[in-house]
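Participant: Quick one: structure below, then a few questions.
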Amino acid sequence: MDNAHIILVEDNRYDGEMILDAISVNYMTDKVRVLRDGEQALDYFFGPEGYFRAATVHLPKLILLDLKLPKVSGLEFLKQIRSDERTRYIPAVIFTSSNEAEDRIESYLLGANSFVVKPSDADIFSRVVTDIISYWISINNVVYEN
């Protein structure tokens, strides 16, 4: 199993590429694992070949999560990782195009650490991703230690 520092759960290839481009400015993209839907994300952690089947587990430092995902929604994925003691404290940032109050409220009720609406301007988008990564990877102190 890989030792990704960032788990990016994003079904939109264009947004995913923009996120990876922004990350690559200050961070190694080989430490990012991209998952394209909520089912794939759940399998990554809990499936038969999943994360916790490895001999040594190094938890990711951040999950960057879209809400509107195929197969299993971002909210359902968030609910599942927060209900498992092994993944409960991994920081999860919602990064979505939704600006709906109910999505924000539900995200925080389910344990999201932050809710960020994707900017439509490419330069601002890149800056916001860089700020998110900088804070959660470089500045934040996690609850667990690898």
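Participant: Kindly evaluate residue 30 against the criterion of being in a helix (DSSP H, G or I), acidic (Asp, Glu) and out of contact with any strand residue (DSSP E or B) (no Cβ under 9 Å at 6 or more places or on another chain).
Facilitator: yes
Participant: Determine which single condition residue 133 fails, assuming it passes every other condition in (1) of a type in the set (Val, Ile, Thr); (2) buried (at least 16 other Cβ atoms within 10 Å of the Cβ); (3) modelled with pLDDT of 95 or more.
Facilitator: Every condition holds for residue 133 apart from (3).
Participant: Considering the range 96-111 alone, what residues qualify as being more than 16 Å from the chain's Cα centre (by Cα) and surrounded by fewer than 17 Cβ atoms within 10 Å (Cβ to Cβ)?
Facilitator: 99, 100, 101, 102, 105, 109
Participant: Within the range 51-62, identify whether any single residue is touching a residue at least 24 places away in the same chain (Cβ under 8 Å) and of a type in the set (Phe, Trp, Tyr), and answer yes or no.
Facilitator: Looking through the range 51-62, at least one residue is touching a residue at least 24 places away in the same chain (Cβ under 8 Å) and of a type in the set (Phe, Trp, Tyr).
Participant: Checking the structure you have, find out if any residue of the range 94-115 is modelled with pLDDT under 95 and either touching a Phe, Trp or Tyr at 6+ places or on another chain (Cβ under 6 Å) or in a helix (DSSP H, G or I) (or both).
Facilitator: The answer is no, given that none of the residues of the range 94-115 is modelled with pLDDT under 95 and either touching a Phe, Trp or Tyr at 6+ places or on another chain (Cβ under 6 Å) or in a helix (DSSP H, G or I) (or both).
Participant: Quick one: is residue 114 over 23 Å from residue 29 (Cα atoms) and surrounded by 13 or more Cβ atoms within 10 Å (Cβ to Cβ)? Step through it out loud before you land on a result.
Facilitator: Working: over 23 Å from residue 29 (Cα atoms): no; surrounded by 13 or more Cβ atoms within 10 Å (Cβ to Cβ): yes.
For residue 114, the condition - over 23 Å from residue 29 (Cα atoms) and surrounded by 13 or more Cβ atoms within 10 Å (Cβ to Cβ) - is not met.
Participant: Name the residues in the range 1-38 that are at pLDDT below 85 and among the hydroxyl-bearing types (Ser, Thr, Tyr), would you?
Facilitator: The answer is 27, 29.
Participant: Looking at (1) over 14 Å from residue 63 (Cβ atoms); (2) assigned to a loop (DSSP other than H, G, I, E, B), can you tell me which one residue 20 breaks?
Facilitator: Failed condition: (2).
Participant: Tell me which residues, restricted to the range 76-87, are over 13 Å from the mean Cα position of the chain (by Cα) and modelled with pLDDT under 95.
Facilitator: 84, 85, 86
Participant: Sticking with this one: Within the range 39-75, which residues are among the basic types (Lys, Arg), at pLDDT 90 or above and part of a helix (DSSP H, G or I)? I'd like the intermediate steps shown before the answer.
Facilitator: Filtering the range 39-75 for residues among the basic types (Lys, Arg) gives 53, 61, 68, 71.
Now drop any that are not at pLDDT 90 or above, which leaves 61, 68, 71.
Answer for the range 39-75, where residues must be among the basic types (Lys, Arg), at pLDDT 90 or above and part of a helix (DSSP H, G or I): there is none.
The values are calculated or read from the model by the stated rules, or taken from the named source; none is laboratory data. No experiment lies behind these values; they were computed from the predicted model shown. Note: ideal-geometry Cβ built from the backbone for every residue, glycine included; neighbour counts use all protein chains shown.
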